[in-house]
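Reviewing the structure listed below.
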Amino acid sequence: MIDRKHDLSITKQAEILKVSRGSVYYLPRPVSSADLEIMQRLDRLHLEYPFAGSRMLRGLLALQGCKIGRRHVKTLMRRMGIEALYRRPRTTKPEPGHKIYPYLLRGIEIRRPNQVWAMDITYIPMAHGFVYLAVVLDWATRRVLSWRLSITMEAAFCVETLEDALARHGKPDIFNTDQGSQFTGAACTGLLASNGIAISMDGKGAWRDNVFVERLWRSVKYEEVYLRAYETVGEARHSIGRYLDFYNGRRPHSSLDDMTPDQAYFDLPPLRAAA
């Protein structure tokens, strides 16, 4: 929005756009290599112990010989977009002006494709940085319907991922997410409402409400991400895309009677029957 070559001064442009002049001049500092290493450790620990908060994670890091303060752990967790996952009273305030929708899946039997979709974001470590991965997942068949990588956790790439899933696969009866501001904002909820899709949101910190996405993250990270050291975002996108093609089309799931997500979603015969 700010044109540094414009005849108007940057100060005047900032006044017209009603943005802080300091934010125009601010250049984000890159994350240090030491912090990147700690974030990779935190990612593995969080996947293994999702109930661990900053205090416990600090202790687990100490057992690995990594001395770090609790405040530093909390800062890195916030940057990564992770928090301890456990049921607790809803005492935190949502993003101002954002409506929190009730959880609609309790007691519902989910058995068919496009009955329920779920969406979430996770942190993806690279060799010299990190990105975020967003997916839309069909709950009944575990099929990844759409996905995107982004260098930030802004809502735009989540909405783009959802729009792609809707364009290619129709629409679900219910769409379930956590209470992240990316999902509670008007851009996401408005898109769902305009398509007549019921909106469901997990209880605060309740990982079991979106358990199938959590299981997907475990598969993606242990079978793909932790085996690589992506040098660029393009390399990460290509490699993760290749893995998700394998996940959908060739990786059998015991919960699907050893069918792949593609077979379950498109009602195709099992691999063993085809063979």
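The values are calculated or read from the model by the stated rules, or taken from the named source; none is laboratory data. Since the model is a prediction, treat every value here as computed from it, not as a measurement. Note that we place each Cβ from the backbone using ideal geometry, even for glycine, and neighbour counts take in every protein chain shown.
Please identify the pairs in which a residue from region 111-122 that is part of a strand (DSSP E or B) has its Cβ atom under 7 Å from the Cβ atom of a residue that is acidic (Asp, Glu), counting only partners at least 6 apart or on another chain.
Listed by first residue and then by second, the contacts come to Val116/Asp173; Trp117/Asp138; Asp120/Asp178.
Hey, can you tell me all the residues within region 151-186 that are surrounded by fewer than 19 Cβ atoms within 10 Å (Cβ to Cβ) and charged (D, E, K, R)?
Within region 151-186, Glu154, Glu160, Glu163, Asp164, Arg168, Lys171, Asp173 qualify.
With respect to Leu162, is the statement that it is under 13 Å from the mean Cα position of the chain (by Cα), modelled with pLDDT of 95 or more and either in the same structural domain as Tyr123 (by TED's automatic domain parsing) or not aliphatic (A, V, I, L, M) (or both) true?
Values: under 13 Å from the mean Cα position of the chain (by Cα): yes; modelled with pLDDT of 95 or more: yes; either in the same structural domain as Tyr123 (by TED's automatic domain parsing) or not aliphatic (A, V, I, L, M) (or both): yes.
Taking the combined requirement at face value, the residue satisfies it.
Report whether or not Gly196 is over 21 Å from Glu235 (Cα atoms) and part of a helix (DSSP H, G or I).
Working: over 21 Å from Glu235 (Cα atoms): yes; part of a helix (DSSP H, G or I): no.
Criteria not met by Gly196.
Report, ordered by the first and then the second residue, all pairs with beta carbons closer than 9 Å, sequence separation of six or more or different chains, a first member in region 51-67 that is among the aromatic types (Phe, Trp, Tyr), and a second member that is in a loop (DSSP other than H, G, I, E, B).
If the second residue must be in a loop (DSSP other than H, G, I, E, B), the pairs left are Phe51/Ala84; Phe51/Leu85; Phe51/Tyr86.
Quick check on region 233-248. Is at least one of its residues assigned to a loop (DSSP other than H, G, I, E, B) and modelled with pLDDT under 95? Break it down stepwise before answering.
Residues of region 233-248 that are assigned to a loop (DSSP other than H, G, I, E, B), as a first pass: none.
The answer is no; no qualifying residue exists.
Condition (residue is touching a residue at least 40 places away in the same chain (Cβ under 8 Å) and surrounded by fewer than 14 Cβ atoms within 10 Å (Cβ to Cβ)) applied to region 191-204: is it met by at least one residue?
No; the residues of region 191-204 include none that is touching a residue at least 40 places away in the same chain (Cβ under 8 Å) and surrounded by fewer than 14 Cβ atoms within 10 Å (Cβ to Cβ).
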